[in-house]
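Notes for the one structure printed next.
The values are calculated or read from the model by the stated rules, or taken from the named source; none is laboratory data. Worth saying up front: this structure is predicted, and the values here are computed from it rather than measured. For the accessible areas, the whole protein counts, side chains as well, though only heavy atoms, and no ligand, DNA or RNA atoms are used. Shrake-Rupley method; radii C 1.70, N 1.55, O 1.52, S 1.80 Å.
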Amino acid sequence: MRAIIIEDEPLSVAELRTTLAEIAPQIEVVATASSVAEAAAVIAGVGHDLIFMDIHLGDGSGFDIFERTEITVPVIFITAYDSYALKAFENKGIDYLLKPFGREDLQRAIDKLGLLSGGEARLRSTAPRRRRLPFTRNASWYTWAPG
């Protein structure tokens, strides 16, 4: 899976790259952008399946990008502001992480992406299997029969 990171803080970009490499090595960061103008150009010119997007950028709002170019892939919003959550989900958002976010938060967002993109069978296959308990039928009710 190919991802773009739209974030104007270099430290946040580096931290997100590192965490993604550790918990989701199947996601390859193919480009980054630090402004609305740069993001619009990158989205239009680089093949991708996912966007990680900050809302407050140096030259405007992440939502301005939606007005400049068509976004057809899921977006995971990462921001320090909780007041934009509804607008994020109205604009291709599949998750909304508040800075500073933890590894578990990012993992949950990646897991949600897997479920939404048809990966539920893969996720289900890694879950522990349930063990059948031995029961015997005795008249009209069942009794546990320890093995």
Quiz item: Quick one: what does P(r) look like for the stretch 1-112 with 5 Å bins over all Cα pairs, in whole %?
Solution: 2, 13, 26, 29, 21, 9, 1
Quiz item: Rounded to a whole number, what % of the accessible area of the stretch 35-76 do carbon and sulfur atoms account for, probe 1.4 Å?
Solution: 46
Exercise. Order the following by accessible area, largest value first: 18, 32. Probe radius 1.4 Å; ligands, DNA and RNA are ignored.
Key: 18, 32
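Measuring with a 1.4 Å probe in the full set of protein chains, what accessible area per residue, in whole Å², belongs to the stretch 40-104?
Values: 3260 Å² over 65 residues.
Here the residues of the stretch 40-104 average 50 Å² of exposed surface.
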